[in-house]
Structure formats: C-alpha cells, structure tokens
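Engineer: The structure's right below; bear with me while I get my questions together.
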Amino acid sequence: MKISIESLAEPSLVFRNGKRGIEPRRVLSSGSKSDNLNVINIGLVGPPDDVAAVRKWLGKLDKFQVAREANAKRYRDWPGARVALASEFEIPSRFVRSLDQDAVEDALTRVQRGTGFEDLLEMFASQITGLFRDGGPDCVVICLPEVIGDLRVDNPALSAIERRALERLQAEEESAQMSLFQPTPEELQAAKDLRVQADDLLFRTFYRALKVRCMQHQNAVPIQVIRRDTVERADDKGHSHATRAWNLAVSLYYKAGSMPWQPADLPSNTCFVGVSFHHLKRRSGSLIYASLAQAVASDVEPFALSGAMIDHDQRRDKQPYLNKEQASNLISEVIKEYLRVAGVTPDRIILHKTSNYQPEEVEGFLEGSKDAVPSCDLIWMRPTPLRVIRRGMEEPWRGTLVSVGDESYLFTNGFIPWWNEYPGPHIPAPIEIGSAKHTDLKERAREILALSKINWNSTEGMSRYPVTLSFAKKVGQLMAEFPEGQTPNPSYRFYM
C-alpha cells in the first residue's frame with residue numbers, strides 16, 4: 001500500500017489594509033497608512049449594572065493593552081482599534097438602553113417557576129429592536145449577567161411523544177459518535193460542532209431565542225452578546241483582556257459591515273457550499289430534518305439558504321440524505337443567490353458534506369448545476385481514528401496531508417511553527433476527505449485549509465473545520481426558533 005506524507009503551505013490571508021500574511025494578529029498589529037478612521041457606532045442593552053461594566057470595558061478598545069499569556073508569539077498585545085482596524089468604537093448615549101432591574105429579577109424568578117421566559121425575552125427584544133431605525137447603531141451589544149447567559153428552559157412546544165422521540169435521537173447520536181473512535185473530550189466536542197444535536201431541540205436557550213426574535217425585524221442589525229464575566233474576569237483566568245479585546249473588536253468590526261480578512265488565494269468566482277441537516281419540529285407534530293446550504297466565496301459574503309424538509313425515515317446508514325429533486329432544487333437556489341449577490345454565476349461549485357454522497361444526491365447536484373456552472377465537485381469530510389506521530393517530540397504540523405492508498409487525511413490542527421506550539425491538549429486528529437467523483441484531492445485539501453481560516457469570532461486565524469461546515473451549526477441551532485414558513489436572514493453576520 002502506497003503511503004505519502006506532505007506538508008501543505010499555510011494559506012495566506014489578505015487584510016482590510018491590503019496587506020497579506022498568514023496570521024491575523026501579527027499583520028493587523030502593524031497598522032496601516034490610511035488616515036481615514038472608520039467610526040463604528042455601538043448600541044448597548046441590558047440591566048443597568050451590566051451596561052455600566054460593559055460600557056467601561058468597551059471604552060478601552062481604543063487603547064493599548066498588554067497580553068498576559070505565556071506565549072508572546074501566539075498572544076500579541078492589543079494595539080488599539082485605531083491601529084489594528086483603522087476604526088474607533090463609539091457608544092452614543094442615545095443608543096444605550098438600561099432595563100429595569102426589578103423587572104428583570106421578577107421575570108427571572110418566574111422563569112424558575114416555569115413562566116416568565118417570554119416576558120424576559122420581550123423585555124430585551126423590545127429595547128433592542130427600538131434601536132433598529134435609520135441613523136441607528138451599526139451593531140447592538142447585549143450585556144448579560146451570567147444567570148441569563150446560561151438560561152435555558154424545557155421546550156414547551158414539545159409534546160410528551162415528541163420529547164421521547166428526541167431523547168431517543170439524542171441517545172442514537174451519542175452512540176454514533178462513540179462508535180467512530182475512542183474520542184477525547186475535545187474530539188467529542190469537535191464532532192458536535194458539525195451538526196445540531198437533538199438536545200438543541202429539547203431546550204430553548206435565551207441567547208438563541210433573542211437572536212431569532214431580533215433578526216426577524218425589517219431593519220435588523222447584528223447583535224453581539226457580552227457576558228459580565230467577560231469584562232470582569234481577571235487576566236489569569238483564561239484569556240487576558242488583550243486577547244478578549246482582539247476577538248471582540250474584530251467580531252464587532254465584521255458585524256458592523258466591514259471585512260477583517262479573506263483567504264488570499266482561493267480560485268476566483270468559485271462558490272464553496274456546505275450541505276447539512278438539522279432536526280426540526282413541524283406543526284403536524286412529527287420530527288423532520290431540514291436541509292441547509294451555506295455558501296462562501298472569496299469575493300462574496302457568506303450566506304445561508306434553507307432547503308427541503310425531509311421525513312425522518314429518509315435516511316440511509318442512519319444519515320439523512322436528499323433525493324434527486326431536493327438536491328437539484330437546493331443547488332439551483334444557491335446558484336440564484338450567488339448570481340444575485342455577485343452579479344454573475346460561479347465558474348465552479350465545490351460542495352462539502354459530512355457524510356458520503358448518496359447516488360440520488362450525486363445525480364441531483366450535478367443535474368441542478370450542469371446548465372449554469374461548468375464544474376461541480378462533491379467533497380465529503382469526517383472525523384477519523386487515524387493518528388500520526390512525528391519523529392521526535394513534535395506533533396504533526398497543521399497542513400499535513402497523509403495519503404494511504406486511496407484515502408486522504410488532512411490535519412487542520414497540529415503544531416504551529418510560527419507559534420512554536422501545538423494549541424491542544426492531545427495528539428491532533430486529522431479529518432478524512434474524499435470525493436464522489438474524480439477530482440484533485442490535494443487542491444481540495446488546500447481549499448479546505450484556506451476556508452478553515454474564515455472565523456471572525458477569533459483572531460487566531462484557524463479552525464478545525466472549513467467555514468462551509470462550521471457555519472452550519474450556527475444556522476441550524478437557530479432554525480428551531482423560527483416560525484414555520486419563516487425564511488431566515490441569509491447573512492453570516494447574524495449568526496456568528
């Protein structure tokens with residue numbers, strides 16, 4: 001059996017200042033020559049004490065902060081928003097909404113008794129949506145005490161029969177994960193990050209319900225939740241304030257309408273699409289799967305589209321799949337939306353999926369794209385028990401591509417030479433990648449590696465999975481909160 005191991009080059013990024021590099025914090029720390037300062041207006045909503053604490057902390061985003069972590073190569077000082085993003089964050093008093101503390105505490109008391117969740121939700125949502133108007137803020141920050149940040153309640157919309165069905169699904173999902181390999185806790189979490197679990201339907205969380213309530217508004221802007229603990233936790237408890245400033249500032253910058261960075265060398269006019277499935281409850285009471293498509297391109301903002309509703313028994317090897325018509329319709333909708341936002345149809349579509357493509361899906365995706373797009377690749381990826389050890393003490397480098405016969409394995413995490421560190425507690429695990437039709441898997445691996453660098457919630461510049469699939473979890477978790485027939489906002493800014 002032929003075995004080959006090679007190291008793919010770390011993909012470059014192009015930043016808002018026109019510079020190129022592989023690491024966001026290093027490049028953005030150098031600033032830019034632009035004299036044009038971007039003013040980002042922030043709204044604040046929350047209980048009075050939490051608003052005061054968050055407002056004071058946000059005021060420091062324009063100032064230099066020292067990173068306290070041990071590895072200075074990985075954790076860089078925060079240079080201030082003017083240097084890193086050529087921006088400054090302003091919080092006009094007219095955009096600050098403090099809730100009545102007694103009313104919040106009364107609603108929380110009633111939540112503990114089984115009522116009050118909707119009242120608490122409406123209390124926050126009415127103040128947030130009141131800011132959604134012409135001349136309003138670019139982004140609204142929601143200040144939450146820990147008790148509300150962690151708040152979840154049993155889903156009251158479920159009947160006893162539906163709850164039992166979901167509990168059986170939950171047990172099935174956990175069993176399927178354990179059968180893949182002997183996983184570490186980190187690997188279990190990584191597997192969960194790929195798809196919405198049945199557990200996500202058993203409970204309603206305040207944060208998800210609030211996001212959906214607000215994004216349905218006609219003039220909605222993205223919201224960003226900040227917990228009180230984030231701004232008050234000491235530097236020696238988790239990330240330092242400098243690292244928190246890096247991550248929050250970039251997230252706010254993106255949600256306010258700017259692009260911090262993009263992969264530099266992805267093929268132009270190529271649409272990368274993640275296909276995923278999520279549990280939903282429909283009005284008739286049966287549990288069904290909802291299909292979703294998440295699309296990304298180098299010159300188009302990521303967007304999401306909902307696809308067909310699939311009966312729960314439309315599964316093969318315990319995995320839901322699309323029939324030919326559903327697959328064809330879904331890819332056709334992606335092409336239409338791409339044409340709307342880009343002005344042209346893509347030259348190529350590359351689909352990503354976390355399970356093997358069924359024959360019906362292959363036929364449908366190829367048929368639905370053939371008249372509009374010259375080329376369509378069907379790539380799948382999944383966790384694997386394979387482990388590789390380098391000679392000596394180092395873990396495999398991120399970007400290592402291992403080929404064993406016809407099988408290919410890509411390390412999207414691993415030892416990072418520019419940090420001189422492996423950012424993980426265990427031996428890194430690759431993802432297995434394959435294709436339903438002939439393609440250059442080495443090129444597809446390079447693209448996956450580049451797409452793993454699109455995560456504007458973090459400034460580390462890398463994730464385990466490409467954004468085509470990591471985006472799916474964020475969208476799928478919110479789908480159950482949408483009223484039946486409601487079309488979700490397609491923009492990625494509303495989900496991260």
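The values are calculated or read from the model by the stated rules, or taken from the named source; none is laboratory data. As the structure is a computational prediction, the values presented were derived from the model and not from experiment. For neighbour counting, all protein chains shown are included, and Cβ atoms are generated from backbone atoms with ideal geometry for every residue, glycine included.
Engineer: Quickly run through segment 450-471 and pick out the residues that are in contact with a Phe, Trp or Tyr (Cβ under 9 Å, 6 or more places away or on another chain) and part of a helix (DSSP H, G or I).
Structural biologist: The answer is L451, V467, T468, F471.
Engineer: So, A9, is that one of a type in the set (G, A, S) and outside any loop (DSSP other than H, G, I, E, B) or not? Write out each step before concluding.
Structural biologist: Details: of a type in the set (G, A, S): yes; outside any loop (DSSP other than H, G, I, E, B): no.
Judged against the criteria, A9 is not a match.
Engineer: Looking only at segment 42-84, how many residues end up being closer than 27 Å to T129 by Cα and assigned to a loop (DSSP other than H, G, I, E, B)?
Structural biologist: 1
Engineer: What pairs can you find where one residue is in segment 354-378 and within 25 Å of R464 (Cα to Cα), the other is modelled with pLDDT under 95 and β-branched (V, I, T), and their Cβ atoms are less than 6 Å apart, with a gap of 6+ or different chains?
Structural biologist: Qualifying pairs under 6 Å: D377/T439.
Engineer: If you go through segment 309-328 one residue at a time, do you hit one that is under 24 Å from R164 (Cβ atoms) and among the hydrophobic types (A, V, I, L, M, F, W, C)?
Structural biologist: yes
Engineer: Within segment 178-227, which residues are at pLDDT 65 or above and basic (K, R)?
Structural biologist: The initial filter retains those residues of segment 178-227 that are at pLDDT 65 or above, namely 200-227.
Result: R204, R208, K211, R213, R227.
Engineer: Condition first: closer than 17 Å to I288 by Cα and surrounded by 19 or more Cβ atoms within 10 Å (Cβ to Cβ). Now tell me which residues in segment 315-328 satisfy that. I'd like the intermediate steps shown before the answer.
Structural biologist: So the first thing to find is which residues in segment 315-328 are closer than 17 Å to I288 by Cα, and the list is 315-323, 326-327.
If the condition is that a residue be closer than 17 Å to I288 by Cα and surrounded by 19 or more Cβ atoms within 10 Å (Cβ to Cβ), then P320, Y321, L322, Q326, A327 are the ones that fit.
Engineer: Is it the case that segment 25-38 has a residue that's modelled with pLDDT under 95 and assigned to a strand (DSSP E or B)?
Structural biologist: Checking segment 25-38: at least one residue is modelled with pLDDT under 95 and assigned to a strand (DSSP E or B).
Engineer: Output the residue which, of all residues in segment 329-359 that are in a helix (DSSP H, G or I) and of a type in the set (D, E, K, R), is surrounded by the fewest Cβ atoms within 10 Å (Cβ to Cβ).
Structural biologist: To start, the set of residues in segment 329-359 that are in a helix (DSSP H, G or I) comprises 329-342, 359.
This time we only want the ones that are of a type in the set (D, E, K, R), so: 333, 336-337, 340.
Working: E333: 16, K336: 12, E337: 18, R340: 10.
Among residues in segment 329-359 that are in a helix (DSSP H, G or I) and of a type in the set (D, E, K, R), the one surrounded by the fewest Cβ atoms within 10 Å (Cβ to Cβ) is R340.
Engineer: Would you check if there is a residue in segment 137-154 being more than 23 Å from the chain's Cα centre (by Cα), among the β-branched types (V, I, T) and at pLDDT 70 or above?
Structural biologist: yes
Engineer: Now a separate question. Within segment 333-342, is there a residue that is within 28 Å of R74 (Cβ to Cβ) and assigned by TED's automatic domain parsing to the domain that holds S291? Walk me through how you get there before you give the answer.
Structural biologist: Step one: list which residues in segment 333-342 are within 28 Å of R74 (Cβ to Cβ), which gives none.
Looking for residues that are within 28 Å of R74 (Cβ to Cβ) and assigned by TED's automatic domain parsing to the domain that holds S291, one finds none in segment 333-342, hence no.
Engineer: When you go through G405, G392 one by one, which is the residue that is out of contact with any Asp or Glu (no Cβ under 8 Å at 6 or more places or on another chain) and without any contact (Cβ under 8 Å) to a residue 40 or more places away in the chain? Give the steps one after another, and end with the answer.
Structural biologist: Details: G405 fails: without any contact (Cβ under 8 Å) to a residue 40 or more places away in the chain.
Residue meeting the stated conditions: G392.
Engineer: Here's a follow-up. Residues to consider are P483, P488, P425; find the one that is free of Cβ contacts under 8 Å to residues at least 40 places away in the same chain, farther than 21 Å from A9 by Cα, in a loop (DSSP other than H, G, I, E, B) and out of contact with any Lys or Arg (no Cβ under 7 Å at 6 or more places or on another chain). Show your work before the answer.
Structural biologist: Working: P488 fails: free of Cβ contacts under 8 Å to residues at least 40 places away in the same chain; P425 fails: free of Cβ contacts under 8 Å to residues at least 40 places away in the same chain.
The conditions single out P483.
Engineer: For segment 218-248, which positions are closer than 24 Å to F132 by Cβ and out of contact with any helix residue (DSSP H, G or I) (no Cβ under 9 Å at 6 or more places or on another chain)?
Structural biologist: Q218
Engineer: Which of the following residues is exposed (fewer than 15 other Cβ atoms within 10 Å of the Cβ) and not assigned by TED's automatic domain parsing to the domain that holds E146: R16, R20? First the steps, then the outcome.
Structural biologist: Details: R16 fails: exposed (fewer than 15 other Cβ atoms within 10 Å of the Cβ).
Checking each option against the conditions leaves just R20.
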